[in-house]
Amino acid sequence: MMMKALIVEDEKMAQAQLSRLLRTRFPDIEVVKCTDSVRDTVEYLASHPPINLIFMDVELSDGECFEIFRQAPVEAQVIMTTAYDSYALKAFEAGSIDYLLKPIGEEALSRAVGRCRDRVSQQAAPGPGIDVEKLLAAVSGRAMKQYKERFVVYVGERIIPVRTEDVSAFFSEEKANYLQTADGHRYLIESTLDALEGELDPAQFFRISRGAIVARNSVASVSRHFSGRLRLDLKPAPPFEPTVSRARVDDFLKWLE
């Protein structure tokens, strides 16, 4: 069965890379159009026959893609292509949406396309590919999410409360996890970095690598590092080399702005 696909992405290079991947790996998928904004996507969906599959970035040139679901009927399977925070990924799951984290790998793309292809073939008649109500409810919940305001750390017999706003970085070292405060103190914590990503305000904290999350206020300067990475000057200096992995550079620079 030939599937018709729409790519919704505001970065031309990302559009071209995804189109090329689909063309070379999935001959049964025809990319019928690429759009880069909420407005153009809504206009296309309203004026053209239904398609089977939409690859959709979250941040578009004129706003978030969720506006598309509010303004137009989406009768297709949707795969989000994003570097969004973990809470938003839960929103996608609530709406029965597949997602791919950027940069997109061929193996992950194959899995997501396979799941969508199966769902399309199982549909007896055209109908909504996603649960729009659940999606929008989950997205609304993201805006009201309460982020962690303090941590309780243990030093010997003492229990010390640490406000999240006083944390300069979280990091892993020898299978243990720590937080460092703005005055240079370091404390062992029980939370993993994966768990912390869903508890911290993404406007204030960024995961620069698998082993470190840094606070916006701790970044004093940024310099280019080898292999396309970034080297950070953090205040106070952490006990690890604060480098931003190549895959996270673009998202980090957007976050820093």
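Against the longest principal axis of the chain, how steep is helix 106-122, in degrees 0 to 90 to the nearest 10, with axes from Cα atoms?
Its long axis makes an angle of about 40 degrees.
Can you send over the solvent-accessible area of H225, 1.4 Å probe, protein chains only, in Å² to the nearest 10?
Roughly 50 Å² of H225 is accessible to a 1.4 Å probe.
Return the equivalent ellipsoid semi-axes of region 154-244 as a descending list in whole Å, where each equals the square root of 5 times an eigenvalue of the C-alpha gyration tensor. Working shown, then result.
Working: eigenvalues 100, 37, 33 Å².
So the equivalent ellipsoid measures 22, 14, 13 Å along its semi-axes.
Once you have the alpha carbon radius of gyration of the chain, what is it after dividing by 2.2 N^0.38 Å, with N set to its residue count?
After normalising by residue count via 2.2 N^0.38 Å, the value is 1.15.
With a 1.4 Å probe and all protein chains in place, put V8, V219 in order of accessible area, largest first.
V219, V8
When the chain is treated as a GNM, springs tying every alpha-carbon pair under 10 Å, which of S110, S227, S168 comes out with the largest mean-square fluctuation?
S227
Taking 0.36 nm per residue of sequence separation and subtracting the Cα-Cα distance, how much length would be gained by fully extending the chain between I159 and R20, in nm to one decimal?
Taking 0.36 nm per residue and subtracting the Cα distance, the gain is 44.5 nm.
Rounded to the nearest 20 debye, what is the charge dipole size of the chain about its Cα centre when +1 sits on each Lys and Arg Cβ and -1 on each Asp and Glu Cβ?
Roughly 480 debye, rounded to the nearest 20.
Can you work out the Karplus-derived ³J(HN,Hα) for every residue in region 36-53? Use 6.51 cos²θ - 1.76 cosθ + 1.60 with θ = phi - 60°, whole Hz, and x for glycine or proline.
Values per residue, Gly and Pro as x: 10, 8, 4, 4, 5, 5, 4, 4, 5, 5, 7, 10, 10, x, x, 10, 8, 8 Hz.
Just how much of L200 is accessible, in Å², when a 1.4 Å probe is used and the result is rounded to the nearest 10?
Counting only protein heavy atoms, the figure is 10 Å².
Can you list residues from other chains, or at least 5 along the same chain, whose modelled amide H is less than 5 Å from the amide H of I79?
For I79, the qualifying residues are I54, F55, M56.
The values are calculated or read from the model by the stated rules, or taken from the named source; none is laboratory data. Everything numeric in this text was worked out from a predicted model, so none of it was measured. Cβ: placed from backbone, ideal geometry, glycine included. Neighbour counts: every protein chain shown. To get the accessible areas, we keep the full protein, side chains included, count just its heavy atoms, and leave off ligands, DNA and RNA. Shrake-Rupley method; radii C 1.70, N 1.55, O 1.52, S 1.80 Å.
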